[in-house]
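Structure first, then comments.
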Amino acid sequence: MEGGKSPNPRVWALALAVGIVLADSSIVVLALPDIYRDLDTSVFGVTWVLVSFNLVMAVAAVPAALVARRVGPGRAAAVGLAIFAGAGLACGASDHLSTLLIARSVQALGGALAVTAALELLPATVGSERRATAVWATAGATGAALGPAVGGILTQLVSWQSIFLIQVPIALAAAVPILTVARHEMSTRVIEAEVRRAGKPHLWANVALAMVSASIAAALFLLVLLLIEGWRLSPIGAAIVVSVMPLAAVVGARVSGWVEDERARAAAGALLLAGGLGGLALLPKAEVALTVPPQILVGIGLSLVLSALTETALSGRAPQAIHGGWTISARHAGVVVGLLALTPVFTHDIAVQQKQAINAGTSVILDSPIRPTVKLGLAKKISDHLELEDGKVPNLGHVFDPLPEDEAQRSEVVELREELQEQLNAGATHAFSPSFGIAALIGLLALIPIGLARRIDL
């Protein structure tokens, strides 16, 4: 397939296609708070903006790979990117949760077709299946890690809709170099000769991928919600904080070359990932700097374990696209399971911790030296605000406005406001701890299938 003619643009196009599609599984994480406010839904409802995409990717990946093998990977990748771009436009134009979820599902269908077809095209483009696997896995891991930070920046600087709209020209640009492959397939009719029976998927590597992906979903989704909804960071502030993970993943990609044995690399990555999540579960207070060391562990672990397990799952297996489809299916199924399992846990814990924090805050109000009339007014405003913010971590800042004109009273009210918000922040931090702990346990349990996985599963 014209493998010797100017491969670099095509390599970049294929890597970009894989990166943008797999970034889409996490890019909306930092926009979720804005989405659920704009579309008037709940935390659990807006979770489906993530779940719908990942669920369809999990179901569609292997069938998409089979389609790519039948119609030609060049044509499949180009059509998949076109569908992905069109659905991205529909996502950006959505003003209801239901239409957004439908568009996200269609986007996932196009994405599954593009990603699996890209893996079929890469060996001829880069010269070897091993190199193709490395490029494909690295592009996917980089996209998934960068997604939240990019989404957060776009959400604050433009809008959450811009996250989807900007994908349209990027996806179409990636499709342009791939169109030459599609035309070559149509003129040479080489596809029929390439179709052959696929072997069994690598069971244990894919099971481990699913479990690790469930942990990664927690690392991205829960940390972002904690930063924005718990600690009240802006989307761009949270984006800066979570950018630690992709930066650490870049370091991990360099380190991964030092460990040739896939099983050892996967085990080391799973341990680092679980350790980082354990660190987030044990945060002693609402302090952004304390999230940095755990994020470094998560980022390095993410890079090591995803690359190792993907290489293990694809090693010695043909055709690559179908077995790549199995890895995509496993990864996104894991994300879905992780989100659906952990969302009820932390939403329940948020409600419990909110009540405990408010009870503690009530005693703070009663013990404060401010005038009884001011206390009664604040208590009424806080009660009304908490009813509106039911199920969410409330921000009490504006409840205290306007501040008293008397300087002494003003100082007392400001002090009371800071103490109450500190109680809520502490409650939010503790509310997320059990979910981070469960995610860390899932990451550790992934060591079982990693231990059972051999380079080639007979």
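According to the Kirkwood expression over distinct Cα-Cα pairs, how big is the hydrodynamic radius of the stretch 252-346, in Å?
Value: 14.8 Å, from the Cα pair sum.
The candidates M211, M57, arranged from most to least accessible area with a 1.4 Å probe in the full protein assembly, appear as M211, M57. With contacts taken as Cα pairs under 8 Å and at least 6 residues apart, the stretch 66-125 reaches a relative contact order of 48 percent. Across the stretch 140-146, computed HN-Hα scalar couplings (Karplus, 6.51 cos²θ - 1.76 cosθ + 1.60, θ = phi - 60°) run x, 5, 5, x, 5, 6, 6 Hz from first to last residue, x flagging Gly and Pro.
For W231, no residue whose modelled amide H falls within less than 5 Å of its own remains once neighbours fewer than 5 places apart on the same chain are excluded. Kirkwood hydrodynamic radius of the stretch 1-151, from the reciprocal of the average inverse Cα-Cα distance over all distinct pairs: 15.7 Å. Largest accessible area first, the listed residues L452, L157, L227 line up as L157, L452, L227 when surface is computed with a 1.4 Å probe on the assembled protein chains. Derived scalar couplings between HN and Hα for the stretch 432-445 equal 8, 4, x, 5, 4, x, 5, 4, 4, 5, 4, x, 5, 5 Hz in order, rounded to whole Hz, by the Karplus curve 6.51 cos²θ - 1.76 cosθ + 1.60 (θ = phi - 60°), x for Gly and Pro.
Working note: Cα gyration tensor of the stretch 111-176, eigenvalues times five, square-rooted, sorted largest first, giving semi-axes of 28, 14, 8 Å. Derived scalar couplings between HN and Hα for the stretch 330-335 equal 5, 4, 6, 5, x, 4 Hz in order, rounded to whole Hz, by the Karplus curve 6.51 cos²θ - 1.76 cosθ + 1.60 (θ = phi - 60°), x for Gly and Pro.
The values are calculated or read from the model by the stated rules, or taken from the named source; none is laboratory data. In this text, all values refer to a predicted model and were calculated from it rather than measured experimentally. All accessible areas refer to the heavy atoms of the entire protein, side chains included, with ligands and DNA or RNA removed. Shrake-Rupley method; radii C 1.70, N 1.55, O 1.52, S 1.80 Å.
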